[in-house]
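The values are calculated or read from the model by the stated rules, or taken from the named source; none is laboratory data. All values reported here derive from a predicted model rather than from experimental measurement. Every residue, glycine as well, gets a Cβ built from its backbone with ideal geometry; the counts of neighbours run over all protein chains shown. With ligands, DNA and RNA removed, areas are computed over all heavy atoms of the protein, side chains included. Shrake-Rupley method; radii C 1.70, N 1.55, O 1.52, S 1.80 Å.
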Amino acid sequence: MYLTSLSLTGFRNFSTAQLQPSKFVNIFYGNNGVGKTNLLEAVFVLCLGRSQRGSPDAVLIQDGQEVYRIEGNVISEDKQVEVSVAYQRGGRKKIAIDGVQVKAAELYEQFAVVSAGPEDSEILQGAPSIRRTFIDIYLSQLSKQYLSTLTDYQRTLAQKNAALKIEEDPMPFDALLVPLGSTVTKTRAVFIEQLHTLAKEYYYKLSGGGNLGIMYQPSVVPGKKMVAPSEVEEAFSQKLSDYRQREMLVKTSLVGPHRDDIFITIGDLPARTHASQGEIRTAAISLKLSVFHLLKEKRETTPILLLDEVFAELDKERTNALVASFGDFGQIFLTTALEPPEKLEQDCARFFITQGSIERAG
């Protein structure tokens, strides 16, 4: 799939802007702070209805404006689709495909997009919630059923927490959470196993021989070691029972996939505490390239790839290794404040961004 046109109104620092990108590599030049990252964010919002940076919709509206609107045409499965995402301050987000209003879940089913940027370092160094969000965004693109189950789990969890706050019995909600949460846990475990195999290979190539490890850590399993799929529900039920009094005391749910984490190692040491910034960035890019590979294989379509200043913290060898891999990708949007590798510039569309304005070079 690829984007053929993009139109922005009142989004971040873009009052109005239009773009007709190439179906292959698109490079966006400009100084820091002129809106390069905002442009990639707009593409991500158009495809999935949310920011890859986790920004709330109200923050995406340009200062002094009351609404943002993103419109685009996407070629998907050999047919053109018109997509729009709009949000009015204090209102609800409206998403439409070919003029028909739809829910955000429809975007996850129709489109595929992967974003890699400086914020991805937080996947390795940040809070567990950031790693869970990473899993959920990309696994939801792989599986419509996962997104539906996760949504049901989150809704039921909110109801349980509301009951705990007013000191009502949470057990009726636990009966619903166990099958939903167990499905989420088991699906995530398979996803991380597949991701580990691919990310390990990408990291080895990009780093020139380094070793990357990824292990899923479900909160419902004693000792954080994954048990057999058939035993997940039993483990979940038992831990809910063990923690019931504690949950009632603190008035919030302490057990379930909303407490899960991923343990990432580089060179057999915890990445969060022992890795250099170069290793962190290389590992983060490896994770995103692996997600791209999985989406392409499982969805049988080529996702749009957004690369935000990916060369900034990579040495020459890692940069060349990354560029060498681009032959396996489709449409790429790449931002840079520096000159990109010469090999990349030979066959690409180039654009300059200056304070909310997009101009094509040449």
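Here are the numbers for this structure:
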{"item": "Distance between region 20-71 and region 241-306 - C-alpha centres, whole angstrom", "result": "24"}
{"item": "Descending Cα extents along the principal axes, region 254-323, whole Å", "result": "44, 36, 20"}
{"item": "Farthest toward positive dipole pole in the chain [+1 Lys/Arg, -1 Asp/Glu at C-beta], among 7, 182, 34", "result": "182"}
{"item": "Burial order of peptide ranges 83-89, 349-355 (average beta-carbon count within 10 Å, highest first)", "result": "83-89, 349-355"}
{"item": "Neighbour cut-off at most 15 other Cβ (10 Å), DSSP loop, trypsin sites (Lys or Arg not before Pro), region 1-79", "result": "23"}
{"item": "Overall form of the chain per C-alpha gyration tensor (a/c, 1.5; a/b vs b/c)", "result": "oblate"}
{"item": "The chain, dipole about Cα centre (Lys/Arg Cβ +1, Asp/Glu Cβ -1), debye to the nearest 20", "result": "440"}
{"item": "Value of [θ]222 nm, deg cm²/dmol, for the chain, DSSP H segments ≥ 4, -39500 (n - 2.57) each, nearest 500", "result": "-14500 deg cm²/dmol"}
{"item": "Accessible area in square angstrom per residue, the chain, 1.4 angstrom probe", "result": "46"}
{"item": "Region 99-104 - phi-based ³J(HN,Hα) in whole Hz, Karplus 6.51/-1.76/1.60, Gly and Pro as x", "result": "x, 9, 5, 9, 7, 4"}
{"item": "Contact order normalised by residue count of region 68-188, Cα under 8 Å, 6+ apart, percent", "result": "14"}
{"item": "Helix 171-207 axis, angle to the chain major axis (alpha carbon atoms, nearest 10°)", "result": "40"}
{"item": "Charge dipole magnitude, Cβ of K and R +1, D and E -1 - region 1-73, Cα centre, debye nearest 20", "result": "240"}
{"item": "Share, in percent, of DSSP beta bridges within the chain that are antiparallel, nearest 5", "result": "70"}
{"item": "Helix axis angle, 128-142 relative to the chain longest principal axis, alpha carbon, degrees", "result": "70"}
{"item": "Accessible area of the chain belonging to carbon and sulfur atoms, whole % at 1.4 Å probe", "result": "48"}
{"item": "Under DSSP loop assignment and at most 14 Cβ neighbours within 10 Å, longest GluC sites (Glu not before Pro)-free interval of the chain", "result": "169-299"}
{"item": "Hull volume in cubic angstrom per residue (convex hull over the Cα atoms of region 158-206)", "result": "81"}
{"item": "Nearest-ten-degree value, helix 144-165 long axis tilted from longest Cα axis of the chain", "result": "50"}
{"item": "Over 21 Å (Cα to Cα) - which of 200/288; 36/103; 79/288 fall in this group", "result": "36/103; 79/288"}
